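So the structure is just underneath, and the comments pick up after that.
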Amino acid sequence: MRALVVIERLADGVDELSLQALAFGRGLAGGPDVHALAVGEGGADLAPLLGAHGVSEVHVAEHEAFVSYAPPAVARAVVDLVERLSPGLVLAAGSDRGNEVLARAAAMVELPFAANCVDATTGDPLRVTRQRWGGSLLEEAELAGAPALLTVAPHVVAAAPVDGAEATVDTFTPTLSPDELAVRVVEHVRAEAAGVSLSDANVVVSGGRGTGSAEGFAVLEELAELLRGAVGCSRAVTMAGWRPHTDQVGQTGTKIAPDIYIACGISGATQHMAGCKGAKKILAINVDPEASIMASADYAVIGDLREVVPAVSAEIRKARGT
Amino acid sequence: MRVLVCVKRVPMTGGRIVLTEDAQEIDTAHLGFTISPHEECGIEEAARLIEAHGGESVVLTLGAAEAEEQLRDAMALGIDRALHLDSEGSEWDGQATAEAITNAIRAEEAASGTFDLVFFGNESADAGGFQVGIRVAHALGRPCVTGLKGIAVEGSGVRCEQEVPGGRDVYRIPFPAIVTVKEGLNLPHYPSVPAKLRAQRQPVDTATPARQEQRLRKLRLVVPESRGKRAEVLGEGPAAAERVVEVLREIGVA
Ligand SMILES: Cc1cc2nc3c(=O)[nH]c(=O)nc-3n(C[C@H](O)[C@H](O)[C@H](O)COP(=O)(O)OP(=O)(O)OC[C@H]3O[C@@H](n4cnc5c(N)ncnc54)[C@H](O)[C@@H]3O)c2cc1C
């Protein structure tokens, strides 16, 4: 079967999640007939890299619309290729943009769309297993119609280079209507760099309702600083206004994958765990030995975080002789 | 200005998801229900816009009869009135949902005028389809920006901000427009007791759209395997600190 994979570009290459989607698509297509769409100038430069990930042909959509992200224009490029190549499968990464572009393409061609798939089996109809509740629940479903449009949930398959030839390049110009040119990024506001970011930190010290107040986070901040980590929190905390939403870990917050997640006074609701299940290790500090988080944590300390956390900081200082 | 917010009733699943015997639904016998956090922010923003600019705000849901509870919750947060599309219990896929909502918007606009702005959540909390707002925008031929964390009215349109790695992307689109939003757009307020009481008397119009054929057809739900372990207890109270630091060192972070 022929697969078309929509690639998200970085300044110097291809987003890792797109390479994962390529590996997934190649497996599902069951053969070498794998095409990729890269929009914008310089797309042809990606041919060696994409070839090494199993792409036979890279389609580069060129148009002045692509100088910044323009979601309807990208979706139109996808639809143009669908009409020209008649693929059986159209895939993208289950990222914000991947989901957006495929949903728009699905709307244009009036087909169903399955977001964040973790597995799929070809057949008529195609069967998928996809994530619900930010990955806390899976759904097995049938996807009617052709082509099948789906995105691949992040980090369920690894990018997999193959011994392949360099991909051939086809350049085309999609025909865009004024409406499709009207929605685009017109400005980028840079974030002020403020220490270690939550999504990149190796250590995250996170607080829940058990911290009791905004001031209750002082002991967590101290520990995070000693470990050169970031501070996170649960939704109970953001709703109380103790921390900004940018600190929230979970299904509707940030998804993180640190070396260790230290969850203090957090009960372990499924929606919270959806954000931190990528952590290599989880340490729960909780007064309640029966809290749900105990079923997903690797380590636990049973006790009041207001005593345990400062004691851990003191122990680190003692060991460092500071 | 006229603003519509579309919301979905979802269960508050707590620490563990339990399915019904036929694996078609989450067993909600012991659960409460809520509006997804993304959509709560949509409600808050709609109420603030109408407070600032005047006009009318409307909340819409496609859901079971019990979803009236979420419509009343939205009105307690400042929305003027409600439209209930009764799904007659079952869940609808993204395409069928979008079609029912598109038709309802057309009918409502024919009667009361165009919505300058329609809010959706970026994705529903339960099904996570990432498509209903986009499909409705396409059907109505309106511009749509997704996943907003910031919005401001500018003249006869809106300035939209999306969080992306390293900062924020900005879009400007004219009215009438559709936006999908994420939690963090604002901090929703808690409803007052008088507002809750008033919401019980505010109008809810009900319609029963025909359910289309499901083209993303759910076969069954599966709870993913958990890590299947109990945490190793390192100790109790501050006395555990020494063991904790040992573990941090083993992991290589202390
Ligand atoms: C659609 C949806 C999306 C959601 N998205 C998110 C999300 O992205 N992120 C998120 O976090 N939540 C999310 N939630 C909310 C989630 O369901 C929980 O309500 C929330 O995570 C609970 O936060 P918590 O653990 O801090 O509070 P609680 O559940 O109240 O737990 C507090 C814990 O602290 C312990 N404790 C109390 N005092 C102390 C003390 N002194 N020392 C040590 N331990 C103490 C208690 O034993 C308890 O375990 C979402 C909910 C829904 C319905």
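Brief remarks follow.
- Of all residues in the range A:138-187, those satisfying the criterion of being in contact with a Leu (Cβ under 7 Å, 6 or more places away or on another chain) and in contact (Cβ under 8 Å) with a residue 40 or more places away in the chain are A:PRO147, A:ALA148, A:LEU149, A:LEU150, A:THR151, A:VAL152, A:PRO154, A:ALA159, A:ALA167.
- Residue that is touching a residue at least 40 places away in the same chain (Cβ under 8 Å) and in contact with a Pro (Cβ under 6 Å, 6 or more places away or on another chain), where the choices are A:GLY94, A:GLY98, A:GLY134: A:GLY94
- Residue match in the range A:218-238 (condition: more than 28 Å from B:PRO11 (Cβ to Cβ), of a type in the set (Gly, Ala, Ser), away from every other protein chain (no Cβ under 12 Å) and touching a Phe, Trp or Tyr at 6+ places or on another chain (Cβ under 6 Å)): no
- Hits in the range B:214-235 - residues which are at the interface with chain A (Cβ under 8 Å from one of its Cβ atoms), more than 17 Å from A:ALA263 (Cβ to Cβ) and of a type in the set (D, E, K, R): B:ARG215, B:ARG217, B:LYS218, B:ARG220
- Scan the range A:257-300 for residues that are within 11 Å of the ligand (Cβ to nearest atom), farther than 19 Å from B:VAL244 by Cα and not small (Gly, Ala, Ser) and the total you get is 6.
- One residue stands out in the range B:134-166 among those that are within 25 Å of B:ASN103 (Cβ to Cβ), touching a Pro at 6+ places or on another chain (Cβ under 9 Å) and in a loop (DSSP other than H, G, I, E, B): the one that is nearest to the other protein chains (Cβ to nearest Cβ), namely B:PRO143.
Here's the yes/no breakdown for (1) farther than 24 Å from A:GLY88 by Cα; (2) at pLDDT 95 or above; (3) not hydrophobic (A, V, I, L, M, F, W, C):
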position: A:LEU10; (1), (2), (3): yes, no, no
position: A:LEU17; (1), (2), (3): no, yes, no
position: A:GLY27; (1), (2), (3): no, yes, yes
position: A:HIS35; (1), (2), (3): no, yes, yes
position: A:ALA38; (1), (2), (3): no, yes, no
position: A:HIS53; (1), (2), (3): no, yes, yes
position: A:SER56; (1), (2), (3): no, yes, yes
position: A:HIS59; (1), (2), (3): no, yes, yes
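- Checking B:GLU183 against (1) in contact (Cβ under 8 Å) with a residue 40 or more places away in the chain; (2) more than 7 Å from chain A (Cβ to nearest Cβ), the condition it does not meet: (2)
- Highlighted here are the helices (runs of 4 or more DSSP H) found entirely within the range A:1-106 that include at least 2 residues which are acidic (Asp, Glu): A:71-85.
- Residue in the range A:284-295 that is touching a residue at least 12 places away in the same chain (Cβ under 8 Å), more than 14 Å from B:ARG230 (Cβ to Cβ) and open to solvent by less than 20 Å² (accessible area, probe 1.4 Å) present: yes
- Yes/no for A:GLN271 being closer than 20 Å to B:ALA125 by Cβ, open to solvent by less than 10 Å² (accessible area, probe 1.4 Å) and touching a Gly at 6+ places or on another chain (Cβ under 9 Å): no
- Of residues in the range A:21-43 being within 19 Å of the chain's Cα centre (by Cα) and open to solvent by 10 Å² or more (accessible area, probe 1.4 Å), the one nearest to A:GLY123 (Cα to Cα): A:PHE24
- Residue check for A:ILE316: out of contact with any Cys (no Cβ under 6 Å at 6 or more places or on another chain), surrounded by fewer than 22 Cβ atoms within 10 Å (Cβ to Cβ), facing chain B (nearest Cβ under 10 Å) and modelled with pLDDT of 95 or more: yes
- Taking the criterion of being open to solvent by less than 50 Å² (accessible area, probe 1.4 Å), touching a residue at least 60 places away in the same chain (Cβ under 8 Å) and among the aliphatic types (A, V, I, L, M), the residues of the range B:208-254 that qualify are B:LEU216, B:LEU221, B:VAL222.
- Every residue from the range A:243-256 that is more than 10 Å from the ligand (Cβ to nearest atom) and part of a loop (DSSP other than H, G, I, E, B): A:ARG243, A:PRO244, A:ILE256
- Verdict on B:ALA46 being closer than 23 Å to A:MET239 by Cβ and more than 16 Å from the ligand (Cβ to nearest atom): yes
- Within the range A:118-132, the set of residues being surrounded by 22 or more Cβ atoms within 10 Å (Cβ to Cβ) and under 15 Å from A:ALA29 (Cα atoms) comprises A:ALA120, A:LEU126, A:VAL128.
- Residue that is within 16 Å of the ligand (Cβ to nearest atom) and not aliphatic (A, V, I, L, M), where the choices are A:GLY208, A:GLY164: A:GLY208
- Index of the failed condition, A:GLY135 passing every other in (1) within 25 Å of A:GLU16 (Cβ to Cβ); (2) more than 10 Å from chain B (Cβ to nearest Cβ): (2)
- For the range A:178-191, the candidate set comprises residues that are assigned to a loop (DSSP other than H, G, I, E, B) and modelled with pLDDT of 95 or more; within that set, the residue that is surrounded by the most Cβ atoms within 10 Å (Cβ to Cβ) is A:VAL183.
- Of everything in the range A:197-234 that is open to solvent by 70 Å² or more (accessible area, probe 1.4 Å) and in a loop (DSSP other than H, G, I, E, B), the residue that is farthest from A:THR254 (Cα to Cα) is A:ARG228.
- Residues (within 16 Å of the ligand (Cβ to nearest atom) and polar (S, T, N, Q)) located in the range A:99-133: A:ASN116, A:GLN131
The values are calculated or read from the model by the stated rules, or taken from the named source; none is laboratory data. Everything quoted here is computed from the prediction, not taken from an experiment. Don't worry about glycine lacking a Cβ; one is built from the backbone with ideal geometry, like all the others, and counts go over all protein chains shown. When the accessible area is computed, the model is the full protein with side chains, heavy atoms only, and any ligands, DNA or RNA have been set aside. Shrake-Rupley method; radii C 1.70, N 1.55, O 1.52, S 1.80 Å.
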